[in-house]
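The values are calculated or read from the model by the stated rules, or taken from the named source; none is laboratory data. In this text, all values refer to a predicted model and were calculated from it rather than measured experimentally. When we count neighbours, we look across all protein chains shown, and the Cβ atoms used for this are built from the backbone with ideal geometry, even at glycine. Ligands, DNA and RNA are stripped out before the accessible areas are found, and what is left, the full protein with its side chains, is counted by its heavy atoms. Shrake-Rupley method; radii C 1.70, N 1.55, O 1.52, S 1.80 Å.
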Amino acid sequence: MIEHYNLLRGLHIIAVIAWMAGLLYLPRLYVYHTRAAPGSEMDETFKVMEAKLMKIIINPASFLVLIFGASLVWVDLSRLGPDFWSKPWFLVKIAGVIALFGWHGFLSASRRAFAENRNKRSERFWRMSNELPFLVAAVIVLSATTKYGA
């Protein structure tokens, strides 16, 4: 698999881009969904858009991120040896990935709440939290590209 390292890395980056696009767009849909009256045509439109975004883009992309990311870790184990697991940059990256998967789960639960007309969060909450995945992704990218503490 080491001979396909660049291909794996490229596929991983593409999957991350798709996943991040969804993680950034879904809260923006929630911002506007909070304005829609429950049961209205707009409310139902947002419910469909949110469900499709989660089912067609976010969930499959996150699965691919895991598969390609795990493949890269496996290759790096043979290239770099097992001590790269304990490097600060890698620990920060893994913490960021866990945070993004936690955010993904939170967004999924929030989508179900919107679908069942149980949303309790404000438009302001969704506006403010919309940027969180970008900030986490920036930390992940910088830790992986600079490999500080290596």
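The table below lists the values:
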| quantity | calculated |
| --- | --- |
| Test: residue in segment 31-43 that is under 12 Å from A115 (Cα atoms), at pLDDT 95 or above, of a type in the set (A, V, I, L, M, F, W, C) and open to solvent by 70 Å² or more (accessible area, probe 1.4 Å) | no |
| Close pairs from segment 1-24: first farther than 24 Å from G102 by Cα and without any contact (Cβ under 8 Å) to a residue 60 or more places away in the chain, partner hydrophobic (A, V, I, L, M, F, W, C) and surrounded by 13 or more Cβ atoms within 10 Å (Cβ to Cβ), Cβ under 8 Å, at least 6 apart | none |
| Residue selected from segment 122-134 under the condition open to solvent by less than 100 Å² (accessible area, probe 1.4 Å) and out of contact with any helix residue (DSSP H, G or I) (no Cβ under 7 Å at 6 or more places or on another chain), by the criterion farthest from L23 (Cα to Cα) | S122 |
| Pair list, Cβ < 6 Å and 6+ apart or interchain, from segment 86-98 residues that are touching a residue at least 24 places away in the same chain (Cβ under 8 Å) and open to solvent by 50 Å² or more (accessible area, probe 1.4 Å) to residues that are assigned to a helix (DSSP H, G or I) and aliphatic (A, V, I, L, M) | K93/I140; K93/A144 |
| Qualifying position, being among the hydrophobic types (A, V, I, L, M, F, W, C), over 16 Å from the mean Cα position of the chain (by Cα) and farther than 23 Å from M128 by Cα, among V65, V75, V31, V92 | V75 |
| Filter pass, K47 being basic (K, R), open to solvent by 20 Å² or more (accessible area, probe 1.4 Å) and within 14 Å of the chain's Cα centre (by Cα) | no |
| Members of segment 102-121 that are open to solvent by 60 Å² or more (accessible area, probe 1.4 Å) and either touching a residue at least 24 places away in the same chain (Cβ under 8 Å) or among the basic types (K, R) (or both) | R112, N117, R118, K120, R121 |
| Given (1) open to solvent by 70 Å² or more (accessible area, probe 1.4 Å); (2) in contact with a Lys or Arg (Cβ under 7 Å, 6 or more places away or on another chain); (3) not aromatic (F, W, Y), number of the condition I17 does not satisfy | (2) |
| Breaking point among (1) charged (D, E, K, R); (2) open to solvent by less than 40 Å² (accessible area, probe 1.4 Å); (3) modelled with pLDDT of 95 or more, for D76 | (3) |
| Those residues of segment 46-66 which are without any contact (Cβ under 8 Å) to a residue 40 or more places away in the chain and either closer than 15 Å to G10 by Cα or basic (K, R) (or both), in sequence order | K52, K55, L66 |
